[in-house]
Amino acid sequence: MTTLAPVQRLRLLRELERKVLWLSAWTIHHANHLRPNRDGLKVVGHQASCASLATVMTALYFSVLRPEDRVAVKPHASPVFHAIQYLFGHQTQDKLERFRGLGGAQSYPSRTKDVDDVDFSTGSVGLGVAMTLFSSIVQDYVRLKGLAPADRPTGRMVALVGDAELDEGNIFEALLEGWKHDVRNLWWVIDYNRQSLDGVVNDRLFGRIGEMFELVGWRVVTLKYGKLLEAAFAQPDGEQLQQWIDACPNSLYSALVYMGGPGWREALTRDLNQYPGIRRILEQHDDAALHRLMTNLAGNDMQAVLDAFEGIDDDKPTCFIAYTIKGQGLPFAGHKDNHSGLMTLDQMTGFKKGMGIADGSEWDKFAGLAVPPNELQAFLAEAPFNAEGRRRTEAPVVAIRAALPRPSDKKASTQEGFGKILNAIAAEDSELSRRIVTTSPDVSVSTNLGAWINRRGLFGHTEAEDVFRELKVVSAQLWRKTPRGQHIELGIAENNLFIQLAALGLSHEIFGTRLLPIGTLYDPFIARGLDALNYACYQDARFMIVATPSGVTLAPEGGAHQSIHTPLIGIGQPGLLSYEPAFVDELAVLMRFGLDHMQQPKGSSLYLRLSTRSLPQPERTLTPAQESDIVDGGYWYSAPEPGADIAIVCMGAVTPEAIAAHQSIVRDFAGAGLLVLTSPDRLHADWLATQRSRGRTAGAVDRSPAPIERLLATLSRDARIITVLDGHPLSLSWLGSVRGQRLVPLGIESFGQSGDIPDLYRTYRLDAAAIIDAVARAI
Ligand SMILES: Cc1ncc(C[n+]2csc(CCOP(=O)(O)OP(=O)(O)O)c2C)c(N)n1
Ligand SMILES: [Mg+2]
């Protein structure tokens with residue numbers, strides 16, 4: 001690789017910065033003004049948000065970043081990212097022209113939908129930022145265990161952060177967790193444009209932000225004044241100018257940026273005219289030059305940005321507070337209403353002229369630049385960022401053997417079963433046992449991960465003995481941390497859990513190392529981290545969540561902890577296949593299936609909703625056909641006679657009540673069936689897919705029935721079905737539509753209260769009597 005002289009490189013980067021600014025603004029303009037609008041909806045895009053980051057992103061992608069670095073780009077700077085990839089040749093003009101349109105470049109950078117090598121998806125502000133922190137933990141996890149490819153250098157996990165993103169609490173939850181885990185190789189660059197969506201960011205906030213980072217062990221680098229302003233401060237009375245800017249409230253500064261040269265002149269004359277040095281500066285600068293000087297913030301000054309990035313050569317986490325101007329270089333720079341503001345046609349005409357772009361050369365990569373195209377092309381070709389081509393790594397699938405260990409207790413809860421299965425795997429020396437990594441937000445022991453952790457240990461950068469053990473204080477739990485440990489213990493923050501799982505679940509594509517992540521939490525607190533869970537699924541991260549206890553079966557814990565609608569989350573969440581087994585042998589089948597499914601290209605993550613209620617286990621050895629029914633979502637526990645008029649359908653912890661009710665009704669309704677479901681999610685999805693494929697006219701049409709159609713086909717056309725689960729009844733009530741059979745759904749519709757299981761099941765009508773009653777009503 002040739003190394004350019006610094007001045008030469010600066011010149012090229014400044015030209016590319018202009019091009020990146022132009023292309024991002026033009027991409028948005030094109031989408032809004034030059035594409036037919038068929039629905040009357042605004043397309044928008046964020047020209048101002050792009051502009052403030054153009055300098056930083058140009059410096060990073062064209063010079064500073066290396067192949068092993070990974071970046072989360074502020075969502076609204078998506079067009080800047082796509083423009084950069086377009087210049088590199090990784091993005092097409094066609095997709096830029098279809099920005100925010102079907103099949104075009106995405107509104108917010110997306111790993112799964114964009115073609116140009118997005119490292120981390122962003123969109124819901126704050127989550128992408130935290131994603132870099134948890135990815136740095138994953139990087140250390142695979143590196144310290146020697147699981148990472150040997151020749152892979154350690155990368156920096158970089159977040160480009162909007163200043164208003166720092167209002168999102170999940171960022172601070174992540175920072176605290178990061179401190180505990182001694183995170184490294186993290187760069188967060190805050191685009192401090194002092195504006196959010198609605199207006200100007202509170203002045204008092206940023207006084208504290210730097211201190212907060214330092215408090216948790218980060219280095220803070222402030223990029224405040226650009227080279228022009230620094231030179232002016234060095235002149236006689238320059239310190240007066242500096243004090244004036246330092247004291248200038250965010251809102252006044254933003255307004256003056258918008259007003260331009262005359263505004264600055266009036267304000268400075270009013271406040272600083274008594275200083276001869278200032279008068280001289282005002283005389284020496286015409287309006288345009290004065291505006292350039294007063295808006296010369298370091299985050300928009302290429303040399304200052306390069307100096308800041310290149311001044312770091314260690315792995316200490318670093319926060320760059322980059323002062324920038326929202327809309328820098330655009331006509332509405334600084335205006336508080338510019339967040340979704342678009343340049344008007346006239347403004348665009350002027351901007352285009354200023355950029356030296358002729359009509360018809362808007363998408364030309366080098367038009368209007370002051371450096372010959374071949375020189376720029378050569379510079380782009382040598383960018384270190386691209387040195388290794390495509391960034392997405394691959395890792396082989398870890399083979400999962402035909403059966404996992406099956407605990408044989410006569411009575412057990414699915415939660416205990418989970419702990420035992422994992423403990424048995426922990427005892428093995430196998431690829432499977434080495435690749436599993438568990439994590440939990442302070443509920444490891446109460447979700448039955450204790451035995452696994454005792455065998456496999458906690459993960460930490462350095463060795464830390466369990467003090468209780470050293471002092472010989474008896475405890476069931478061994479709490480020793482080592483780099484070899486396979487459990488990542490988190491504080492109580494479900495957002496962190498899901499983002500940690502997102503990062504672990506992308507390890508094969510980001511770090512080239514396959515991991516099998518399993519996260520445990522209490523089922524009701526899925527809601528606490530739901531957006532982060534959605535974010536993880538949106539990125540197609542692969543993991544298993546084991547949520548327990550669930551429903552009102554949690555009994556004495558009362559309404560605050562009892563989960564009601566989580567089965568609906570399981571059905572509704574794309575990228576997450578959910579199961580709720582009743583018995584431990586089913587769980588073992590599903591865990592085996594899940595560990596494989598989460599590694600398949602067309603697979604997904606899994607959600608197992610478990611219970612702490614101990615149930616008598618059926619005495620059976622599952623046949624392969626039964627196992628496949630369990631995976632498909634359900635099976636006849638007690639098969640109906642063909643054409644039967646009555647069936648009970650149950651799921652999860654309430655299965656004993658359904659069994660009891662069934663035994664009672666078969667006396668009157670011989671041939672009534674009992675259907676045990678493991679996954680309404682899977683059954684529903686397969687049912688819809690089957691219907692869609694029937695509607696298709698071209699190609700091979702599969703006429704075979706969906707599993708739920710096959711199961712319900714045994715019953716008579718107008719059979720009555722009673723469904724029951726410890727969760728919202730809607731989860732199963734759709735079964736009535738499959739064949740048009742009449743259905744009475746039982747389940748939980750209101751907040752639970754404390755009590756024991758008999759009282760609660762009676763109160764919420766989940767007990768055998770309620771089921772029998774429902775049968776009576778149904779007929
Ligand atoms: C969780 C979430 N809430 C709300 C939004 C809507 N939103 C998008 S950008 C934005 C303001 C962003 O301001 P800032 O981070 O400062 O970005 P910039 O000024 O660079 O545009 C808001 C509220 C969102 N994307 N995500
Ligand atoms: Mg902002």
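For residue 83, indicate whether it is buried (at least 23 other Cβ atoms within 10 Å of the Cβ), under 25 Å from residue 299 (Cβ atoms) and within 16 Å of ligand 2 (Cβ to nearest atom).
On the way: buried (at least 23 other Cβ atoms within 10 Å of the Cβ): yes; under 25 Å from residue 299 (Cβ atoms): yes; within 16 Å of ligand 2 (Cβ to nearest atom): no.
When the stated conditions are applied, residue 83 does not pass them.
Mind checking which pairs have a first residue in the range 44-69 that is over 24 Å from residue 29 (Cβ atoms) and a second that is within 13 Å of ligand 2 (Cβ to nearest atom), Cβ under 9 Å, 6 or more apart or different chains?
The qualifying pairs are 60/160; 60/189.
Within the range 254-270, does at least one residue satisfy the condition of being of a type outside the set (Gly, Ala, Ser), in a helix (DSSP H, G or I), within 16 Å of ligand 2 (Cβ to nearest atom) and farther than 21 Å from residue 74 by Cα?
Applying the first criterion (of a type outside the set (Gly, Ala, Ser)) to the range 254-270 yields 256-259, 262, 264-266, 268-270.
Going one step further and asking which of them are in a helix (DSSP H, G or I), we end up with 256-259, 262, 264-266, 268-270.
Next cut, within 16 Å of ligand 2 (Cβ to nearest atom) only: 257-258.
This time we only want the ones that are farther than 21 Å from residue 74 by Cα, so: 257-258.
Yes, some residue in the range 254-270 is of a type outside the set (Gly, Ala, Ser), in a helix (DSSP H, G or I), within 16 Å of ligand 2 (Cβ to nearest atom) and farther than 21 Å from residue 74 by Cα.
Select, from 176, 166, the only residue that is within 16 Å of ligand 2 (Cβ to nearest atom) and over 17 Å from residue 67 (Cα atoms).
On the way: 176 fails: within 16 Å of ligand 2 (Cβ to nearest atom).
Only one candidate qualifies: 166.
Out of the residues in the range 200-221 that are closer than 21 Å to residue 296 by Cβ and free of Cβ contacts under 8 Å to residues at least 60 places away in the same chain, which is farthest from ligand 1 (Cβ to nearest atom)? Break it down stepwise before answering.
Applying the first criterion (closer than 21 Å to residue 296 by Cβ) to the range 200-221 yields 200-201, 203, 206, 221.
With the extra rule that they be free of Cβ contacts under 8 Å to residues at least 60 places away in the same chain, the set shrinks to 201, 203.
Values: 201: 7, 203: 14 Å.
Among residues in the range 200-221 that are closer than 21 Å to residue 296 by Cβ and free of Cβ contacts under 8 Å to residues at least 60 places away in the same chain, the one farthest from ligand 1 (Cβ to nearest atom) is 203.
Search the range 139-163 for residues being closer than 30 Å to residue 433 by Cα and among the hydrophobic types (A, V, I, L, M, F, W, C), and hand back the single one that is farthest from ligand 2 (Cβ to nearest atom).
Step one: of the range 139-163, the residues closer than 30 Å to residue 433 by Cα are 139-157.
Of the ones still in play, those that are also among the hydrophobic types (A, V, I, L, M, F, W, C) are 142, 144, 147-148, 150, 157.
Working: 142: 34, 144: 36, 147: 38, 148: 35, 150: 41, 157: 22 Å.
Out of the qualifying residues, it is 150.
Here are 285, 335, 339: which of them is within 16 Å of ligand 2 (Cβ to nearest atom) and in contact with a Leu (Cβ under 7 Å, 6 or more places away or on another chain)? Quick ask: steps written out before the conclusion?
Values: 285 fails: within 16 Å of ligand 2 (Cβ to nearest atom); 335 fails: in contact with a Leu (Cβ under 7 Å, 6 or more places away or on another chain).
339 is the lone residue from the list that is within 16 Å of ligand 2 (Cβ to nearest atom) and in contact with a Leu (Cβ under 7 Å, 6 or more places away or on another chain).
When you go through 492, 518 one by one, which is the residue that is closer than 20 Å to residue 174 by Cα, assigned to a loop (DSSP other than H, G, I, E, B) and touching a residue at least 40 places away in the same chain (Cβ under 8 Å)? Spell out how you get there, then give the answer.
Details: 518 fails: assigned to a loop (DSSP other than H, G, I, E, B).
Exactly one of 492, 518 is closer than 20 Å to residue 174 by Cα, assigned to a loop (DSSP other than H, G, I, E, B) and touching a residue at least 40 places away in the same chain (Cβ under 8 Å), namely 492.
Within the range 567-581, does at least one residue satisfy the condition of being under 18 Å from residue 421 (Cβ atoms), over 23 Å from the mean Cα position of the chain (by Cα) and buried (at least 24 other Cβ atoms within 10 Å of the Cβ)? Outline the logic, then answer.
If we filter the range 567-581 for residues that are under 18 Å from residue 421 (Cβ atoms), which is where we start, we get 579-581.
Checking which are over 23 Å from the mean Cα position of the chain (by Cα) leaves us with 580-581.
So of that shortlist, the ones also buried (at least 24 other Cβ atoms within 10 Å of the Cβ) come out as 580-581.
Checking the range 567-581: at least one residue is under 18 Å from residue 421 (Cβ atoms), over 23 Å from the mean Cα position of the chain (by Cα) and buried (at least 24 other Cβ atoms within 10 Å of the Cβ).
Every residue in the range 519-561 that is more than 24 Å from residue 453 (Cα to Cα) and basic (Lys, Arg), please.
Scanning the range 519-561 gives a single hit, 528.
Would you be able to say whether some residue in the range 325-344 is of a type in the set (D, E, K, R), surrounded by fewer than 19 Cβ atoms within 10 Å (Cβ to Cβ) and modelled with pLDDT of 95 or more?
No, that holds for no residue.
Could you tell me how many of the residues in the range 554-576 are in contact with an Asp or Glu (Cβ under 6 Å, 6 or more places away or on another chain) and hydrophobic (A, V, I, L, M, F, W, C)?
As a first pass, look at the range 554-576 and keep what is in contact with an Asp or Glu (Cβ under 6 Å, 6 or more places away or on another chain): 555, 563, 566, 570-571.
Right, trim to hydrophobic (A, V, I, L, M, F, W, C) and you get 555, 571.
Summing the residues that are in contact with an Asp or Glu (Cβ under 6 Å, 6 or more places away or on another chain) and hydrophobic (A, V, I, L, M, F, W, C) in the range 554-576 gives 2.
Take the residues in the range 264-308 that are out of contact with any strand residue (DSSP E or B) (no Cβ under 6 Å at 6 or more places or on another chain) and small (Gly, Ala, Ser); name whichever of them is surrounded by the most Cβ atoms within 10 Å (Cβ to Cβ). Before the answer, list the steps.
Filtering the range 264-308 down to residues out of contact with any strand residue (DSSP E or B) (no Cβ under 6 Å at 6 or more places or on another chain) leaves 264-296, 300-303, 305-307.
Next, from what is left, pick out any that are small (Gly, Ala, Ser): 267, 277, 288-289.
Values: 267: 18, 277: 16, 288: 10, 289: 13.
Per the stated criteria, the residue is 267.
Inspect all residues belonging to the range 705-726 and state whether any of them is under 23 Å from residue 654 (Cβ atoms), touching a Gly at 6+ places or on another chain (Cβ under 6 Å) and not in a helix (DSSP H, G or I).
So far as the range 705-726 goes, yes, one or more of its residues are under 23 Å from residue 654 (Cβ atoms), touching a Gly at 6+ places or on another chain (Cβ under 6 Å) and not in a helix (DSSP H, G or I).
Every residue in the range 454-511 that is at pLDDT 95 or above and on the phi > 0 side of the Ramachandran plot, please.
Of everything in the range 454-511, just one residue is at pLDDT 95 or above and on the phi > 0 side of the Ramachandran plot, namely 457.
Suppose we filter the range 140-199 for residues that are part of a loop (DSSP other than H, G, I, E, B), in contact (Cβ under 8 Å) with a residue 60 or more places away in the chain and either more than 16 Å from ligand 1 (Cβ to nearest atom) or buried (at least 16 other Cβ atoms within 10 Å of the Cβ) (or both); how many remain?
Number satisfying all stated conditions: 17.
Only residues that are over 19 Å from residue 635 (Cβ atoms) and of a type in the set (A, V, I, L, M, F, W, C): list them for the range 572-602, please.
Those that are over 19 Å from residue 635 (Cβ atoms) and of a type in the set (A, V, I, L, M, F, W, C): 576, 595, 598.
Every residue in the range 1-41 that is within 16 Å of residue 76 (Cα to Cα) and touching a residue at least 60 places away in the same chain (Cβ under 8 Å), please. It would help to see each step written out before you state the result.
Going through the range 1-41, the residues within 16 Å of residue 76 (Cα to Cα) turn out to be 20-29, 31-32.
Across the range 1-41, the qualifying residues are 20, 21, 22, 23, 25, 26, 27, 28, 29, 31, 32.
The values are calculated or read from the model by the stated rules, or taken from the named source; none is laboratory data. On a predicted model such as this, the values are computed, not experimentally measured, just so you know. Glycine gets a Cβ as well: all are built from the backbone with ideal geometry, and neighbour counts include every protein chain shown.
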